[in-house]
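Asker: Take this structure first; my questions come after.
The values are calculated or read from the model by the stated rules, or taken from the named source; none is laboratory data. On a predicted model such as this, the values are computed, not experimentally measured, just so you know. All Cβ positions, even for glycine, are placed from backbone atoms using ideal geometry, and neighbour counts span all protein chains on display. Areas reflect the complete protein model, heavy atoms only, side chains present, ligands, DNA and RNA absent. Shrake-Rupley method; radii C 1.70, N 1.55, O 1.52, S 1.80 Å.
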Amino acid sequence: MSFSDALLQVIMAFFGTMGFGMLFRSRGKKLLLASLGGMAAWALFLLLGLRIESEPARYFIVSVIISIYAEVLARVCKTPAGTFGILSLVPLVPGGGLYYSADYALSGDMQAFAEKALSTLSLTAMLSLGIVLVAAVAKFLSSALSSRRNQA
Amino acid sequence: MNNRLLSCIMRIGRLMVESGAEIYRVEESLERVLRAYGAKEVNVFAITSNIMVSVECEEYVIKNYSCRIRSIGNHVERVDRLNALVRRLTAEAPAVEIVEAEVEKILSMKEYSDNEIAFAHGLIASSFSVFFGARGVEEIVMALLMGVGVGVCTRQLEKLRANRLLDRFLCAFLVTLLTFVFWRMKLVSSVDEIIIGILMTLVPGCGFTNALRDLFTGDSISGALRLIEAVLVAFAIAAGYVLAGVLTGGALL
């Protein structure tokens with residue numbers, strides 16, 4: 001992929017995330033931060049592609065990094081982290097996967113259909129695994145910190 | 001704890017589920033708030049379609065409350081506000097009148113208008129069509145217009161309380177049909193990017209992610225319910241696409 005194509009994709013990731021943010025009734029500063037997160041998510045995904053071949057692995061890494069971004073923002077803005085995390089990962093949602101799965105099913109190519117459907121599913125699983133991992137660690141850390149503070 | 005307070009607190013829980021909050025958050029919030037108001041023993045069980053609460057207010061005075069939830073949407077700002085309210089209730093336990101007023105305030109906050117929501121659909125559709133490789137002006141404009149159309153369509157069907165699956169099926173069907181027709185008329189030179197872009201507004205991607213998140217955090221029932229819903233929506237979209245494709249002979253050429 002050429003650099004200008006990549007740049008265009010990253011910019012579109014910003015606007016696409018913003019549209020979804022509006023559908024999720026997010027507003028103002030939070031909408032902007034979520035959109036920036038979406039842009040960063042896709043930029044990271046493309047950058048990691050220079051080093052790592054496997055898409056599921058890249059999905060997982062991006063999901064972890066963006067979830068950390070979401071946790072930090074959530075602490076700063078005092079809102080649930082899910083707000084930012086789910087939205088910022090929208091560019092990674094495999095909508096194309098679903099389309100091509102249906103397309104293969106339509107043309108009767110069952111082998112390609114099964115392959116595409118399975119890869120779509122595994123990408124989604126990687127995405128949520130990253131979100132959950134970060135959420136679990138963040139929860140553990142914050143409860144460990146608060147119990148320590150209570151003891152002191 | 002009187003019934004008025006309990007009913008008001010349950011309303012908060014219900015609104016949280018309806019606005020798309022995580023299930024564990026709802027259960028935790030309700031438990032904390034009820035304890036803050038002096039409950040001795042609290043048992044909360046929530047799934048995406050029901051909340052059940054049993055509270056021991058005083059020694060051997062036990063109250064039960066359950067509420068059925070029919071529709072779930074995504075309303076991030078509302079979850080935010082409710083979450084802040086829960087924090088406040090846990091810390092200060094204000095009087096019931098104040099809580100009711102706060103809930104009303106959250107419900108009456110400013111919303112996006114129908115036009116803005118329709119525009120958001122268009123924005124998603126056109127951005128993702130470029131994202132997936134559309135470069136021609138006709139394609140992008142087409143995606144924008146049809147995205148707005150889908151936005152208007154889903155909004156009206158929502159108001160008519162149409163079945164969600166039917167809604168997704170119809171939208172996917174019409175979008176695919178129109179795109180193939182325009183393609184036959186040589187108004188656009190490629191179809192894939194336009195359709196993917198518009199389908200992004202319909203695809204239950206966040207539904208899948210939410211479902212798996214609930215599953216991984218141990219709320220298996222909610223996770224399974226959300227997963228089934230997301231799979232059905234995905235099938236509805238695919239069915240709409242396939243039917244239109246067969247009718248126009250789109251992919252068969």
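Asker: Which of the residues in the range B:210-228 show a loss of at least 10 Å² in accessible area from their chain by itself to the complete set of protein chains, at a probe of 1.4 Å?
Answerer: B:N210, B:L212, B:R213, B:F216, B:T217
Asker: On to the next question. Restrict the search to the range B:75-113; then list the trypsin sites (Lys or Arg not before Pro) that DSSP places in a loop and that have at most 11 other Cβ atoms within 10 Å of their Cβ.
Answerer: Values: sites: B:R78, B:R81, B:R87, B:R88, B:K105, B:K110; in loops: B:K110.
The qualifying sites are B:K110.
Asker: So how much accessible surface do B and A hide from each other in total, probe 1.4 Å, in square angstrom to the nearest 100? Show your work: numbers first, answer last.
Answerer: On the way: alone 13840 and 9750 Å², together 18920 Å².
Summing both chains' loss of accessible area gives about 4700 Å².
Asker: Considering only B:L6, B:M109, B:V61, whose Cα is most displaced toward the positive end of the charge dipole of chain B, charges sitting on Cβ of Lys, Arg (+1) and Asp, Glu (-1)?
Answerer: Checked the options; the winner is B:M109.
Asker: Another question, then. Which whole number gives the average, over all residues in B:74-82, of C-beta atoms from other chains lying within 10 Å of the residue C-beta? Before the final figure, lay out the partial values.
Answerer: On the way: counts 7, 3, 16, 9, 1, 6, 10, 1, 1.
Counting Cβ atoms of other protein chains within 10 Å of each residue's Cβ and averaging gives 6.
Asker: Output needed for the protein assembly as shown: three equivalent-ellipsoid semi-axes, defined as square roots of 5 times the C-alpha gyration tensor eigenvalues, in descending order, whole Å. Don't skip to the end; give the middle numbers.
Answerer: Details: eigenvalues 318, 107, 73 Å².
That gives 40, 23, 19 Å for the three semi-axes.
Asker: Let me ask something else about it. Per-residue ellipticity at 222 nm for chain A, helices alone: DSSP H runs ≥ 4 residues times -39500 (n - 2.57), over residue total, nearest 500 deg cm²/dmol? Mind showing how you got there, number by number?
Answerer: On the way: 6 runs with 127 residues, N = 152.
Only helices count here, giving -29000 deg cm²/dmol.
Asker: I would also like to ask the following. Give the angle, between 0 and 90 degrees and rounded to the nearest 10, that separates the Cα long axis of helix B:96-107 from the longest principal axis of the Cα atoms of chain B.
Answerer: The angle comes out at about 0 degrees.
Asker: Identify, among B:L165, A:L141, B:V152, the residue whose Cα sits farthest towards the positive end of the charge dipole of the protein assembly as shown, taking +1 on the Cβ of Lys and Arg and -1 on the Cβ of Asp and Glu, with the dipole about the Cα centre.
Answerer: A:L141
Asker: Strictly greater than 25 Å: what percent of every Cα pair in the range B:3-107 meets that? Walk me through the intermediate numbers first.
Answerer: On the way: 603 of 5460 pairs.
Looking at the range B:3-107, the distances longer than 25 Å represent 11 percent of pairs.
Asker: Moving to a separate point now. Probe radius 1.4 Å, ligands and nucleic acids ignored: give me the carbon and sulfur share of the accessible area of the protein assembly as shown as a rounded percent.
Answerer: Values: 11920 of 18920 Å².
Accessible surface attributable to carbon and sulfur in the protein assembly as shown totals 63 percent.
Asker: Suppose we compare each residue of the range A:14-32 in its chain alone and in the full protein complex with a 1.4 Å probe; which ones drop by at least 50 Å² of accessible area?
Answerer: For the range A:14-32, once contacts with the other chains are taken into account, A:F20, A:M22, A:L23, A:F24, A:R25, A:R27 lose 50 Å² or more.
Asker: Pairs of alpha-carbon atoms within less than 8 angstrom and 6+ residues apart define the contacts here; what relative contact order does the range B:3-107 have, in percent?
Answerer: 29
Asker: Let a ≥ b ≥ c be the square roots of the eigenvalues of the Cα gyration tensor of chain B; is it rounded (a/c under 1.5), or, if not, prolate (a/b larger than b/c) or oblate? If you can, show how the numbers build up before the last one.
Answerer: Numbers: a/c = 3.29, a/b = 2.44, b/c = 1.35.
Because a/c hits 1.5 or more and a/b exceeds b/c, chain B counts as prolate.
Asker: Could you pull out the chymotrypsin sites (Phe, Trp or Tyr not before Pro) across the range B:42-85 that fall in loop regions by DSSP (anything but H, G, I, E, B) with no more than 16 other Cβ atoms inside 10 Å?
Answerer: For chymotrypsin sites (Phe, Trp or Tyr not before Pro) across the range B:42-85 that sit outside H, G, I, E and B with at most 16 neighbouring Cβ atoms in 10 Å, the list reads B:Y60.
Asker: Helix B:164-184 against the longest principal axis of chain B: what's the angle in degrees, Cα atoms only, rounded to the nearest 10?
Answerer: The angle comes out near 20 degrees.
Asker: At a Cα cut-off below 19 Å, give the aspartates and glutamates reachable from A:K116, other chains included and same-chain residues fewer than 8 away excluded.
Answerer: Straight-line reach from A:K116, under 19 Å: A:E53, A:E55, A:D103, B:D192, B:E193.
Asker: Of A:G130, A:G28, A:G49, which is the most mobile in a GNM of chain A whose springs link Cα atoms less than 10 angstrom apart?
Answerer: Comparing A:G130, A:G28, A:G49 in a Gaussian network model of chain A, the most mobile one is A:G28.
Asker: Which of B:T90, B:T48, B:T176 moves most in a GNM of chain B, Cα contacts under 10 Å?
Answerer: Judging by the Gaussian network model, the answer is B:T90.
Asker: Helix B:114-131 against the longest principal axis of chain B: what's the angle in degrees, Cα atoms only, rounded to the nearest 10?
Answerer: 60
Asker: Of the cross-linked pairs A:K29/B:K110; A:K139/B:K105; A:K29/A:K78; A:K30/A:K78; A:K30/B:K110, which ones have a Cα-Cα span greater than 20 Å in the structure shown? Can you show the working numbers first?
Answerer: Numbers: A:K29/B:K110 15 Å; A:K139/B:K105 30 Å; A:K29/A:K78 13 Å; A:K30/A:K78 11 Å; A:K30/B:K110 15 Å.
Listed pairs above 20 Å: A:K139/B:K105.
Asker: Then there is this: Over all directions, what mean area does the Cα convex hull of the range A:12-143 project, stated in square nanometres?
Answerer: The number I arrive at for the range A:12-143 is 8.8 nm².
Asker: Express the accessible area of the range B:1-102 per residue in Å², computed with a 1.4 Å probe while the remaining protein chains stay in the model. Don't skip to the answer; put the middle values down first.
Answerer: Numbers: 4770 Å² over 102 residues.
Result: 47 Å² of accessible area for each residue.
Asker: Also, I was wondering about something else. Mean residue ellipticity at 222 nm from the helices of chain B, using -39,500 (n - 2.57) per DSSP H segment of n ≥ 4 over the full residue count, to the nearest 500 deg cm²/dmol? Can you show the working numbers first?
Answerer: Values: 10 runs with 173 residues, N = 253.
Value at 222 nm, helices only: -23000 deg cm²/dmol.
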